[in-house]
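A.B. asks: Pasting a structure here, questions to come.
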Amino acid sequence: MHAITIDDHFDAWRAAALDALAQGFAPESIDWRTAQAEPALFAASESRASSAAAQTADAPHIRISRELASLLKDAAHLRDERRWSFLYRVIWRWTQGDRSVASPADEDGARLYKMAKAVRRAQHDMIAYVRFRQRDASLGAPEYVAWYEPDHDVLAWGAEHFAARMGRSTWLIATPEGAAMFDGEHLQIERRRALAAEHAVDTHDAAETLWMTYYRSIFNPARLNETALEQHMPVRFWKGLPEGALIPQLVSAARGGARRVAQAPGVGALGGKAVQVEAHDAQPERDAPTSLDTCRRCDLWRNATQAVGGAGPSDARIMLLGEQPGDQEDLKGEPFVGPAGQLLDDAMRRAGLPREQVYLTNAVKHFKWEPRGKRRLHKTPAQQEVDACSYWLEQELRDVGAQVIVTLGATALAALFGRRATLSAHLGRVVPYGDKFVVATYHPSYALRQNDEAARERTVAAIVEALERARALSAR
Ligand code: URA
C-alpha cells in the first residue's frame, strides 16, 4: 500500500496523481490522505500549492478530453473525503484506455457527473446568495463583509468571481471553513475555522435599511406564489440574506389577508374597467392548434419552458420515441440532449446507427416536473396527457417516412398501443403497427437509474440490440 499525503486541493492531487500514474500505482494500492489543517494554513497551503505546481512541471503529461478535465476539476470541490481516491480511479481507467469512464452511462462516470453537478450548483448558489453588508467607515477595512455557508468547497471560486466584479472595494466573506479577503488588489483565502466566528456579520449597514424598506415595498402579497418563492430562493439561504428575516413575516401577512387588501388598491388604481383573465382563457384550448408552441391540449404547457418537438431528417427510416423532454431538453428545446440522450448516443454508436440518420421525438412534448428543493424532478406523464399529445405524434408518424419505430420505455409504448400494452410483453419483439414495425426496448433513464454496474450494462445491451434490430429491419 502506498500512502500519499496531499493538501486538500485539486492542484496538489493532480500533481500527486500524475506521479502515481507514472509509477504505475493501481488505485486500490493507494491510501490517499490529506494534510491536517494547521492554524496558519494559508501560508502553509501556499507553499504546498507551489511545490505541487513544481511537481506538475516534471510530471508526465497525459491527454484527457476537455470535458473530463472540467469534470475532474469541478468534482474535486465536492465535500467528500473519498473524492481523491475516486478521482484517481477515474484517471487510472482513462489512462488504461477505458474511455467509457467519462460517460454518464458508466457507474464511475455517472458518479463523476453527479459530483460535478453538485459543485456547479453550489457555485451558482454562492453567487446568488452571498449578501455583503457595508461596515461603518470608522472601522476601516474591509468595507463589506458577508457570512456564507457554501454546500461544497467553492469559497475560492466564488471569491474570484466577486474580486473580478467589485472593483477596488475591500471585503471579506467568512464561512464556517475559512474566509476570503480582498484588499482592493489581492485576494487571500484563509482556511481557518476560528475565523468564522470572529467575523460574524452583525454589523449595522445604512444601505441595508434602505434595501429592506425597498424589499418590503416591492413585495406584492397579491402575487405571492410561495412554492415559486422557495424554489427560487431556497429556505436554507434565508438566514444569510438580510431580506430573509422579512420573508416569513411578509408571507404570513399575505396569508392573513394582505393578499386581498393589496389587490384592491392595485386594481382600483388602474384606469377603466379591469377584468381578471385566467391565462387559460386568454389562450383558450384549441382542438387543432396550428403549432406546437400554441398547444393547450393539456395543462403541461403551464410549467414548461417550451414545447420540444421532434428532431431529425423527415426521410429518416427509423424513429426513436421517448417519453417526454427532461430538464435539459426543456431548456434547450431539443430532444435527448441531457444524460439520457448521452446514454442513447452511446447505444446508437454501438449499434452503428448515426444520430443524424434517425428521427428522435417524444410521446409528450412538454416537460412534466415537480419541484424538489431547487431541482425540477421528472414526473411521469398521465395517460390523459399522452393521449392529448398523440395529436402531434400522429402528425410526425405521417410526415416522417420512418418504417421502424423504436419505443423507449413504457410511456412511449403506451402512446402507440394504449396503456394495456406492457413493456415486459413487448421487450425485444417486433410488432407491426399499420404499415410500420415497432421494436420496444427500455428507456435510457432506466439504465441510468441502476446502481449495479452489471444490471446497467445488461439494460444498455438490450437497448443496443433493439437499435441493431431496427437498423436491420429498416434496411430490408
Ligand atoms: N427522456 C426522454 O424520454 N426524452 C428526452 O428527450 C429526454 C429524456
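A.B. asks: Looking at L408, L397, which one is of a type outside the set (S, T, Y) and more than 12 Å from the ligand (Cβ to nearest atom)? Give the steps one after another, and end with the answer.
C.D. replies: Numbers: L408 fails: more than 12 Å from the ligand (Cβ to nearest atom).
Going through L408, L397 in turn, just one is of a type outside the set (S, T, Y) and more than 12 Å from the ligand (Cβ to nearest atom): L397.
A.B. asks: One residue is enough: does the stretch 305-316 have a residue meeting the conditions of a type in the set (V, I, T), more than 9 Å from the ligand (Cβ to nearest atom) and either within 14 Å of V406 (Cα to Cα) or not assigned by TED's automatic domain parsing to the domain that holds A382 (or both)?
C.D. replies: No, the stretch 305-316 contains no residue that is of a type in the set (V, I, T), more than 9 Å from the ligand (Cβ to nearest atom) and either within 14 Å of V406 (Cα to Cα) or not assigned by TED's automatic domain parsing to the domain that holds A382 (or both).
A.B. asks: Continuing with the same structure: Evaluate the following for Q383: is it closer than 21 Å to T411 by Cβ, over 27 Å from the mean Cα position of the chain (by Cα) and not β-branched (V, I, T)?
C.D. replies: Values: closer than 21 Å to T411 by Cβ: yes; over 27 Å from the mean Cα position of the chain (by Cα): yes; not β-branched (V, I, T): yes.
For Q383, the condition - closer than 21 Å to T411 by Cβ, over 27 Å from the mean Cα position of the chain (by Cα) and not β-branched (V, I, T) - is met.
A.B. asks: Quick check, is E457 assigned to a helix (DSSP H, G or I), more than 16 Å from the ligand (Cβ to nearest atom), in the same structural domain as F336 (by TED's automatic domain parsing) and within 15 Å of V404 (Cα to Cα)?
C.D. replies: For E457, the condition - assigned to a helix (DSSP H, G or I), more than 16 Å from the ligand (Cβ to nearest atom), in the same structural domain as F336 (by TED's automatic domain parsing) and within 15 Å of V404 (Cα to Cα) - is not met.
A.B. asks: Which one of these is surrounded by 15 or more Cβ atoms within 10 Å (Cβ to Cβ) and charged (D, E, K, R): D346, D315? Before the answer, list the steps.
C.D. replies: Details: D315 fails: surrounded by 15 or more Cβ atoms within 10 Å (Cβ to Cβ).
Just a single option satisfies the conditions, and that option is D346.
A.B. asks: Follow-up question, since we're still on this one. Which of the strands (runs of 3 or more DSSP E) contained wholly in the stretch 322-378 include at least 3 residues that are more than 11 Å from the ligand (Cβ to nearest atom)?
C.D. replies: Values: elements: 358-362, 369-372, 375-378.
Where strands (runs of 3 or more DSSP E) fall fully within the stretch 322-378 and carry at least 3 residues being more than 11 Å from the ligand (Cβ to nearest atom), they are 369-372, 375-378.
A.B. asks: Is one or more of the residues making up the stretch 418-441 within 15 Å of the ligand (Cβ to nearest atom), out of contact with any Gly (no Cβ under 8 Å at 6 or more places or on another chain), at pLDDT 95 or above and not basic (K, R)?
C.D. replies: no
A.B. asks: Would you call D299 touching a Ser or Thr at 6+ places or on another chain (Cβ under 7 Å) and either assigned by TED's automatic domain parsing to the domain that holds V404 or more than 12 Å from the ligand (Cβ to nearest atom) (or both)?
C.D. replies: When the stated conditions are applied, D299 does not pass them.
A.B. asks: Can you tell me how many residues in the stretch 340-372 are under 26 Å from C298 (Cβ atoms) and either without any contact (Cβ under 8 Å) to a residue 60 or more places away in the chain or out of contact with any strand residue (DSSP E or B) (no Cβ under 7 Å at 6 or more places or on another chain) (or both)?
C.D. replies: The total comes to 16.
The values are calculated or read from the model by the stated rules, or taken from the named source; none is laboratory data. Remember, predicted model here, so these are calculated numbers, not experimental data. Positions of Cβ are generated from backbone atoms using ideal geometry, with glycine treated the same way; all protein chains shown enter the neighbour counts.
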